[in-house]
Amino acid sequence: MPAPPPPAGSSAPPAAPPAPVPPPPYPYPGYGYPVPRPRDNAATLIVLLLVAFVVIPAILGVIVLMFFTSFFGGFVPTGPIVVLDNAVLGNGNASIEVRLVSQEHPIDRYGFRLEVNGTESGTTAFPPGGQGPPVSVGGYSLSVRWRDEDLDGQVGVWDTFTVSGVGAPLPPSTSFRFTLSFGGSVLEASESWSTP
């Protein structure tokens with residue numbers, strides 16, 4: 001049977017509050033963990049590359065320039081740096097190979113000096129062909145010839161300078177020194193040897 005109507009002048013009893021709904025477990029469904037924004041490393045990479053390939057080499061270049069400036073008395077040499085190998089004796093001659101050259105230049109930009117038993121000749125310029133004129137030094141007449149190994153007309157690695165007597169082998173029991181110089185530069189390359 002239905003419940004009797006409430007008496008007049010009274011209100012309906014209050015409804016019971018709904019049962020509390022437990023919160024969903026964390027992370028809330030549909031939301032998940034916040035996804036981190038992808039990092040844009042392009043700017044960082046560009047800065048690192050600039051430092052590695054521009055700033056550091058520039059600093060090293062300044063340090064090297066300062067070293068050369070102080071080492072050579074206030075100027076940076078403009079000529080090539082040449083390194084000669086040990087003299088090889090054979091057939092009465094001495095052959096000297098070029099082991100390193102920082103810049104290649106034609107042979108007529110170079111000159112040479114010879115020293116025999118402590119007596120030195122003056123500087124003699126190489127003609128374009130590379131066959132130096134006979135040089136008298138220490139009572140001997142000597143000749144210097146340049147052999148261009150790669151046939152490019154410039155002094156380079158593996159080229160050879162040959163010191164020989166004019167019409168005769170190098171004298172025995174004699175000390176020699178060959179000095180290669182470049183047009184007005186203070187940079188020179190020398191090699192010494194003695195004949196048996």
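Filtering the range 170-193 to residues that are modelled with pLDDT of 90 or more, surrounded by 13 or more Cβ atoms within 10 Å (Cβ to Cβ) and over 18 Å from GLU97 (Cβ atoms) leaves PRO171, THR174, SER175. Of all the listed residues (THR174, THR160, THR179), the sole one being free of Cβ contacts under 8 Å to residues at least 60 places away in the same chain and among the polar types (S, T, N, Q) is THR174.
Restricting attention to the range 135-148, the residues that are in a loop (DSSP other than H, G, I, E, B) and surrounded by fewer than 15 Cβ atoms within 10 Å (Cβ to Cβ) total 1. Scanning the range 108-131 for residues that are at pLDDT 90 or above, surrounded by 13 or more Cβ atoms within 10 Å (Cβ to Cβ) and β-branched (Val, Ile, Thr) yields a total of 1.
Scanning the range 99-108 for residues that are among the aliphatic types (A, V, I, L, M) and assigned to a strand (DSSP E or B) yields LEU100, VAL101. Counting the residues of the range 151-165 that are assigned to a loop (DSSP other than H, G, I, E, B), under 17 Å from GLY129 (Cβ atoms) and open to solvent by 10 Å² or more (accessible area, probe 1.4 Å) gives 3. Number of residues in the range 109-132 that are within 13 Å of LEU180 (Cβ to Cβ) and either in a strand (DSSP E or B) or of a type in the set (D, E, K, R) (or both): the value is 9. The residue pairs whose first member lies in the range 81-94 and is open to solvent by less than 70 Å² (accessible area, probe 1.4 Å), whose second member is of a type in the set (S, T, N, Q) and part of a loop (DSSP other than H, G, I, E, B), and whose beta carbons are closer than 6 Å, counting only pairs six or more residues apart or on different chains, do not exist in this structure. Taken as a whole, the condition of being farther than 17 Å from LEU170 by Cβ and not small (Gly, Ala, Ser) does not apply to VAL144.
Give THR44, THR78, THR69 a once-over and let me know the one that is at pLDDT 80 or above and among the hydroxyl-bearing types (Ser, Thr, Tyr). Within the list THR44, THR78, THR69, the selection yields THR44.
The values are calculated or read from the model by the stated rules, or taken from the named source; none is laboratory data. Here the structure is a predicted model, which means the values were calculated and not measured. Note that we place each Cβ from the backbone using ideal geometry, even for glycine, and neighbour counts take in every protein chain shown. All accessible areas refer to the heavy atoms of the entire protein, side chains included, with ligands and DNA or RNA removed. Shrake-Rupley method; radii C 1.70, N 1.55, O 1.52, S 1.80 Å.
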